[in-house]
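Report on one structure; see the data block that follows.
The values are calculated or read from the model by the stated rules, or taken from the named source; none is laboratory data. Since the model is a prediction, treat every value here as computed from it, not as a measurement. FYI the Cβ positions are ideal-geometry reconstructions off the backbone, even for glycines, and counts take in every protein chain you see.
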Amino acid sequence: MKNSIGNNGLLAHLSPSLLVIALYELIAIGIYLNASHPTKSNESELFGYLFIWIFSQAIGSFLLGILSDRYCRRKMLIISLSWGAAFLPIIYFLTKSNFVLLMFGLGFSPSPIARASLVDNFPSESKLKLMCLTFVAQFIPWVFYMWIALIPKLALFWLSFICLLTVLALSLFWFRDRRDKNLRHSHGTIETSIHRHAKRRVSCILLALIFAQIIFFLTDSYFENISSSSGFYSALGIGSLLGTGLALFYRKTPHVSIITITYGLGFLLSIMPLISVLFLNIAEVNIKFQIMVFSNLGGFYLPFIYDIILSNFSRSSRGTACGIVDLVISFSSLVGMTLTIYLHPKEIQLVLITTVLFLIATVVQKIGESNEIPPPSSS
């Protein structure tokens, strides 16, 4: 099949994009480890450091997605990787510089470009399938978190830096985006970003995603405060990877209702422990198990989110679409982390919060689902 994943363009179009996403996650893990191991005395300092990193990623992903639509995906990707290569050494040796971290994150946010390019280069393939592949690349580094955490700081820097330079070189030689050529022929003309009939649906999907993702980051931040087990983060990576693997088996045209059902399942899995504690005299909630389940759900529904959002944006605005989803996820991370720091919820309070948030996400997603529009196209 022309432009399918099985053709001779695999190396030139598929591998660089997936490597970029995996590389970004490896570096993100390094940034996290570089700032971790908090004590009571430096908890606020750690919070500020991670807040700046996530904030810069949110803005950087959004801006780079837009710029890759406006100009050239290949050029913007090379600029982002080069930016990362210039700032990464400074980050590792000036760990207290929040300004440097901010600048690093604003320029090194290549994932939206990589995801958009895959859809550009394989128009005959299912967008859901392509997004699942990107999440496989994203979660694999987290599967190995417990081993990465054992690497000395200097060795991890050199590993990340060498991988970054390698991916940069591979991108220079192999990364191409079909849309870049089309954009030159159209003299930079950009279509309207979002289809007119889809604005309300997209708004509801993104709003529901905020509530759903807050749950994951809230519970993740909670566990971080009560345990230093690096194996737990590897388990989350495996759980997310398995969820994405299940999404890969989905063969029909994805309907937005599958996201609603997934949020509803999350609500059921949250409310049952809550009922057990409040009314059935069961005193314990296995919060670790709950978080594992949420990672499965997240790995499953996130590719569908990207697929639906991409399907409701114009072909020339795919970078913007991916950047917006990344922005929403990063914003959710900030909210979840902030709630954990300032509320310090107990286990039962955490279960109550997740139950309410999943319920809100389900209702909002259902409202978006009720706005009938044509089914997602494969283009």
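Would you confirm whether or not the range 99-106 contains a residue that is out of contact with any Phe, Trp or Tyr (no Cβ under 7 Å at 6 or more places or on another chain), closer than 21 Å to Arg178 by Cα and crowded, with 18+ Cβ neighbours inside 10 Å? No, because not a single residue in the range 99-106 is out of contact with any Phe, Trp or Tyr (no Cβ under 7 Å at 6 or more places or on another chain), closer than 21 Å to Arg178 by Cα and crowded, with 18+ Cβ neighbours inside 10 Å. Among residues of the range 138-168 being under 17 Å from Thr244 (Cα atoms) and surrounded by 22 or more Cβ atoms within 10 Å (Cβ to Cβ), the one that is nearest to the chain's Cα centre (by Cα) is Gln138.
Quick check on Leu297: is it more than 18 Å from Ile210 (Cβ to Cβ) and either surrounded by fewer than 22 Cβ atoms within 10 Å (Cβ to Cβ) or in contact with a helix residue (DSSP H, G or I) (Cβ under 7 Å, 6 or more places away or on another chain) (or both)? Spell out the reasoning first.
On the way: more than 18 Å from Ile210 (Cβ to Cβ): no; either surrounded by fewer than 22 Cβ atoms within 10 Å (Cβ to Cβ) or in contact with a helix residue (DSSP H, G or I) (Cβ under 7 Å, 6 or more places away or on another chain) (or both): yes.
Spelling it out, it is not the case that Leu297 is more than 18 Å from Ile210 (Cβ to Cβ) and either surrounded by fewer than 22 Cβ atoms within 10 Å (Cβ to Cβ) or in contact with a helix residue (DSSP H, G or I) (Cβ under 7 Å, 6 or more places away or on another chain) (or both).
If you filter the range 225-234 down to residues that are surrounded by fewer than 19 Cβ atoms within 10 Å (Cβ to Cβ) and part of a helix (DSSP H, G or I), you find that the one that is modelled with the lowest pLDDT is Ile226. Within the range 236-244, is there a residue that is in contact with a Phe, Trp or Tyr (Cβ under 6 Å, 6 or more places away or on another chain), at pLDDT 80 or above, surrounded by fewer than 23 Cβ atoms within 10 Å (Cβ to Cβ) and of a type in the set (S, T, N, Q)? No; the residues of the range 236-244 include none that is in contact with a Phe, Trp or Tyr (Cβ under 6 Å, 6 or more places away or on another chain), at pLDDT 80 or above, surrounded by fewer than 23 Cβ atoms within 10 Å (Cβ to Cβ) and of a type in the set (S, T, N, Q). Scanning the range 251-282 for residues that are touching a Ser or Thr at 6+ places or on another chain (Cβ under 9 Å) and in a loop (DSSP other than H, G, I, E, B) yields Arg251, Thr253, Pro254, Ile282.
Just one residue in the set Leu343, Leu339, Leu278 is aliphatic (A, V, I, L, M) and either within 14 Å of the chain's Cα centre (by Cα) or crowded, with 18+ Cβ neighbours inside 10 Å (or both); that residue is Leu339. Applying the condition of being over 20 Å from Ala58 (Cα atoms) and of a type outside the set (Lys, Arg) to the range 309-336 and asking which residue is surrounded by the fewest Cβ atoms within 10 Å (Cβ to Cβ) yields Ser314. Among the conditions (1) without any contact (Cβ under 8 Å) to a residue 40 or more places away in the chain; (2) not in a helix (DSSP H, G or I), Ser109 misses just one, which is (1). Where the second residue is modelled with pLDDT under 70 and buried (at least 19 other Cβ atoms within 10 Å of the Cβ) and the first is closer than 19 Å to Ala116 by Cα and lies in the range 190-207, which pairs have Cβ atoms under 9 Å and are six or more apart or on separate chains? Going by the 9 Å Cβ cut-off, the qualifying pairs are Ile190/Leu183.
On the basis of being within 30 Å of Arg176 (Cβ to Cβ), crowded, with 16+ Cβ neighbours inside 10 Å and at pLDDT 85 or above, does Phe87 make the cut? Reasoning before the result, please.
Numbers: within 30 Å of Arg176 (Cβ to Cβ): yes; crowded, with 16+ Cβ neighbours inside 10 Å: yes; at pLDDT 85 or above: yes.
It is true that Phe87 is within 30 Å of Arg176 (Cβ to Cβ), crowded, with 16+ Cβ neighbours inside 10 Å and at pLDDT 85 or above.
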